[in-house]
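Trainee: One structure, pasted below without further comment.
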Number of protein chains: 4
Amino acid sequence: MSTFRRSVEYILRNAKLLLSNLDDDKIEDICKEFLKARRIFLYGAGRSGLVAKAFAIRLVHLGLQAYVIGETITPPVREKDLVVVISGSGETIPSVMTADIDKRMGARLIAITSKRDSKIARRADLPVILSVDLEDKDRSKLAPLGTIFEASSWIFLDGLVARLMEMKGEDEERMKERHATLQ
Amino acid sequence: MSTFRRSVEYILRNAKLLLSNLDDDKIEDICKEFLKARRIFLYGAGRSGLVAKAFAIRLVHLGLQAYVIGETITPPVREKDLVVVISGSGETIPSVMTADIDKRMGARLIAITSKRDSKIARRADLPVILSVDLEDKDRSKLAPLGTIFEASSWIFLDGLVARLMEMKGEDEERMKERHATLQ
Amino acid sequence: MSTFRRSVEYILRNAKLLLSNLDDDKIEDICKEFLKARRIFLYGAGRSGLVAKAFAIRLVHLGLQAYVIGETITPPVREKDLVVVISGSGETIPSVMTADIDKRMGARLIAITSKRDSKIARRADLPVILSVDLEDKDRSKLAPLGTIFEASSWIFLDGLVARLMEMKGEDEERMKERHATLQ
Amino acid sequence: MSTFRRSVEYILRNAKLLLSNLDDDKIEDICKEFLKARRIFLYGAGRSGLVAKAFAIRLVHLGLQAYVIGETITPPVREKDLVVVISGSGETIPSVMTADIDKRMGARLIAITSKRDSKIARRADLPVILSVDLEDKDRSKLAPLGTIFEASSWIFLDGLVARLMEMKGEDEERMKERHATLQ
């Protein structure tokens, strides 16, 4: 089997395994945080930051007030806001600093990370641990660096979107209307 | 089964199905384009643009010269450059315009889209069609808008990265050294 | 006198000349548009886009709802929104397209450009022409490309901020509180 | 005189005063750093970051290899690279961290700030202090927050561009060819 195909299967298989470990009650708790938050702030560095932005777009489609920390018009985080930080290592410096400041402001913090004992996970009100024991020889060749974590985070957040749609009574047509095209 | 869980499984199952349709020879042809290109330019709008950026980061890790169209320091596309445009509909206006200009400049064009007959697909030297027949009732609730295409593109490009690593003789350690941290 | 010093003086002198040509009544009309708009959308390509973003930050400081077209969480433009497009040539393709779409949506359009007869200027409800007869031999060496237009736009918009502060009864302290730090 | 007009004149007058304080020899030293650097990295937060990006675009036009720290494809800073950090207060946390890391990597550091005794200024190989005694009552109304510093930095860097053009023997036509349009 080609390396391309082995890589794709390795990523999909491990993402599936990893996401099946999550607890249904926790998913419900997380979704409730989104619906009760005044505003939602997303943060991540590098590829995790791109996953955060992709989720932010969907939150806007869902009619929720979402901001990406670091973009032009993002206001400061305040009490009753929800902050979601995505960091594979859970130790990325600006991510930890963002978490620290936001906790100090009285915001709620959801951390999405692959490390249970990381700084981000320990600071979070709701840590989401996306982690699985990987067969290590293959991993570095088929899914280098944060590949598994990033792909899993993307799909994890897409799963939350489906549940949030249901909870809010949204449908695809209305989401489309909230989508900024072309520009 | 919870909506979250159904959504995650739906996305993973369809991504797997869709990616298994791809032809191995085509993957090889695509990877060769990356290695012979003078420079590589990535473009996408919205969530497809984030997928493009995530791939650009990995190309830089691989030691290839990659640019994201629309970012500050991106030079103009020229002959012998490779342009990769990601667009689910294949008709997004700035994506089509980008493709047009780049073809006129004599660049090679890879289009990643879900529509075989779209403008982008027809302009491409190498079109990659990421498409699958989806069970439509579930889709709009479990994977609204471009969800399947975007998740599949992300993993498709991660698979290319694994093959490019192999072709270039790169390993994870060297890729890590090319990674800009913190800043 | 050194080239650096000649350039700085050339830019400042021409920016001053150009800005002194503006009509006070028009400035008032423009400021009123900002205060009556439901939401404000900013757009520009390249360096003009950076000027637009710098202004967006101040609008947020002023407590106005501002978005930058092209950023992650920007919603679609609707009726009663105000769109501000900055384009030196007034013919930059995505700027003209943005203007077209926004007019079709029923939004109000302010165009900031150096060309009175440009597409952008003709589409605008309120065109702002930042233009001055420049001594051409020096210009290309002391202020190449859009240098005069861009510096003038930046300062023009800073001047609007001062007037908007006054009209809204804002002060520096409150603006600071609306400023997102560090993150 | 209208508040708009008073603000514009206040900004231009103070920018002029501030920039006339700079030493010609220092400008020459700074320009030489740009020409001998292997690669140039720009960084700033908020509006200072936009000033940094506007300058990065011109460095690319001049045929220099420039990167904006924080953008997708930016590689890590290494020895012989030049880093330019713009920070009005000179104490913005990510700016100071960027400076620290880059010094540790053996890069050269130019800091553009309004505070002579700031952390950034003290870490810099070449600090550029853009500062002037401002009449304080008017300032907060006519040029709130970092307005004077930001406008002055923008024009200061445009002045460097003119000198760098001359030193490199570049002209406007060639700069235009290096400009990425539309996309």
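The values are calculated or read from the model by the stated rules, or taken from the named source; none is laboratory data. Small disclaimer: the values here were computed from a predicted structure and weren't measured. Counting neighbours? That spans all protein chains shown, and the Cβs are built from the backbone with ideal geometry, glycine included. These area figures cover heavy atoms from the full protein model, side chains too; ligands, DNA and RNA do not enter into them. Shrake-Rupley method; radii C 1.70, N 1.55, O 1.52, S 1.80 Å.
Trainee: Using a 10 Å cut-off around each Cβ of peptide A:52-59, what is the average number of partner chain Cβ atoms that fall inside?
Mentor: If you average over the peptide's residues, the count of other-chain Cβ atoms is 6.
Trainee: Dipole magnitude of the protein assembly as shown about its Cα centre, charges +1 at Lys/Arg Cβ and -1 at Asp/Glu Cβ only, in debye to the nearest 20?
Mentor: Result for the protein assembly as shown is approximately 0 debye, rounded to the nearest 20.
Trainee: Next question, about the same structure. Roughly how crowded by other chains is peptide D:23-31, in terms of the mean Cβ count from those chains within 10 Å of each of its Cβ atoms?
Mentor: 2
Trainee: Which distances, shortest first and in nm, link D:Ser140 to the matching position in the other copies, using label points set 7 Å out along Cα to C-beta?
Mentor: In ascending order, 4.9, 5.6, 5.9 nm.
Trainee: What nm distance separates the two modelled labels at D:Arg116 and B:Ser2, each placed 7 Å from Cα along Cα→Cβ?
Mentor: In this crude spin-label approximation the distance works out to 6.1 nm.
Trainee: Working from Cα positions, state the angle (0 to 90°, nearest 10) between the long axis of helix C:46-61 and the longest principal axis of chain C.
Mentor: Rounded to the nearest ten degrees, it is 50.
Trainee: Once amide H atoms are built 1.01 Å from N in the peptide plane, which residues 5 or more positions from B:Val128, or in another chain, come under 5 Å H to H?
Mentor: Correct list: B:Ala111, B:Ile112, B:Thr113.
Trainee: I need the peptides C:156-167, B:125-136 ranked by packing, meaning the mean over residues of other C-beta atoms within 10 angstrom, with the highest value on top.
Mentor: In decreasing order of mean packing, C:156-167, B:125-136 become C:156-167, B:125-136.
Trainee: Using only Cα atoms, tell me the angle between helix C:24-36 and the longest principal axis of chain C; keep it within 0 to 90° and round to the nearest 10.
Mentor: 30
Trainee: Using the heavy atoms of the protein chains alone and a 1.4 angstrom probe, what is the accessible area of the protein assembly as shown per residue in square angstrom?
Mentor: 39
Trainee: Let me ask another. Determine, at each q value in 0.15, 0.17, 0.20, 0.21 (inverse angstroms), the log₁₀ of I(q)/I(0) that the Debye formula gives when each Cα of the stretch D:17-112 is one equal point scatterer.
Mentor: Cα-only, vacuum Debye calculation for the stretch D:17-112: -0.57, -0.74, -1.03, -1.14.
Trainee: Taking all protein chains as present, what is the carbon and sulfur share of the accessible area of the protein assembly as shown, in % to the nearest whole number, probe 1.4 Å?
Mentor: 46
Trainee: Expressed as cubic angstrom per residue, what is the convex hull volume of the alpha carbon set of chain B?
Mentor: Convex hull volume per residue, Cα atoms: 134 Å³.
Trainee: Determine the shielding of peptide B:105-117 by partner chains: average, over its residues, the number of Cβ atoms on other chains within 10 angstrom of each Cβ.
Mentor: Counting Cβ atoms of other protein chains within 10 Å of each residue's Cβ and averaging gives 0.
Trainee: Could you give me the ³J(HN,Hα) list for the stretch C:88-105, computed from phi with Karplus coefficients 6.51, -1.76, 1.60 and θ = phi - 60°, whole Hz, x at Gly and Pro?
Mentor: Once θ is set to phi - 60°, the couplings for the stretch C:88-105 become x, 6, x, 10, 3, 4, x, 5, 5, 5, 4, 4, 4, 4, 5, 4, 4, 6 Hz.
Trainee: Could you run the Karplus curve 6.51 cos²θ - 1.76 cosθ + 1.60 with θ = phi - 60° over the stretch D:139-146 and give me ³J(HN,Hα) per residue in whole Hz, x for Gly and Pro?
Mentor: In residue order, the calculated couplings are 3, 5, 8, 9, 8, x, 6, x Hz.
Trainee: Next question. Quick one: which residues, 5 or more positions from C:Leu42 or on another chain, have an amide H under 5 Å from its amide H? H modelled 1.01 Å from N in the peptide plane, none for Pro or chain starts.
Mentor: HN-HN under 5 Å from C:Leu42: C:Tyr67, C:Val68, C:Ile69, C:Val84.
Trainee: Here's something else I'd like to know. About the Cα centre of the stretch C:3-176, how large is the charge dipole given +1 on each Lys and Arg Cβ and -1 on each Asp and Glu Cβ? Please answer in debye to the nearest 20.
Mentor: 380
Trainee: Next question. If packing is taken as the mean number of other Cβ atoms within 10 Å per residue, what is the order of A:44-51, A:114-121, highest first?
Mentor: Ranking, from highest mean packing down: A:44-51, A:114-121.
Trainee: When N counts the residues of the protein assembly as shown, how does its alpha-carbon radius of gyration compare numerically with 2.2 N^0.38 Å, as a ratio?
Mentor: The reported ratio for this selection is 0.93.
Trainee: Okay, moving on. When you have a sec, figure out the Kirkwood radius of the stretch C:4-71 from all distinct Cα pair distances and drop it here in Å to one decimal?
Mentor: With all distinct Cα pairs of the stretch C:4-71 included, I get 14.0 Å.
Trainee: Of A:Ala162, A:Pro127, A:Ile27, which is farthest along the charge dipole of chain A in the positive direction, counting Lys and Arg as +1 and Asp and Glu as -1 at C-beta?
Mentor: Of the candidates, A:Pro127 comes out farthest on the positive side.
Trainee: If you line up the long axis of helix B:147-168 against the longest principal axis of chain B, both from Cα atoms, how many degrees apart are they, to the nearest 10?
Mentor: With both axes taken from Cα atoms, the answer is about 40 degrees.
Trainee: Can I ask one more? With solvent modelled as a 1.4 Å probe, how much accessible area in total do chains C and D shield from it at their shared surface, in Å² to the nearest 100?
Mentor: Adding both sides of the contact gives about 4600 Å².
Trainee: If each label sits 7 angstrom from Cα along the C-beta direction, how far apart, in nm, is B:Met97 from its counterparts in the other copies?
Mentor: Shortest to longest, the spacings are 0.4, 3.6, 3.6 nm.
Trainee: At D:Asn21, with labels set 7 Å past Cα in the Cβ direction, how many nm apart are the copies from this one, shortest first?
Mentor: 3.3, 5.7, 6.6
Trainee: How many angstrom lie between the Cα centre of the stretch A:1-71 and the Cα centre of the stretch B:110-165?
Mentor: So the two Cα centres are separated by 19 Å.
Trainee: With each pseudo-label sitting 7 Å past Cα toward Cβ, what's the D:Lys103-D:Asp133 distance in nm, one decimal?
Mentor: A separation of 3.0 nm, rounded to one decimal place.
Trainee: What residue of chain D has the nearest C-beta to the axis that moves D onto B, and what is that distance in Å, given as a whole number?
Mentor: Checking which Cβ lies nearest the axis yields D:Glu71, 3.
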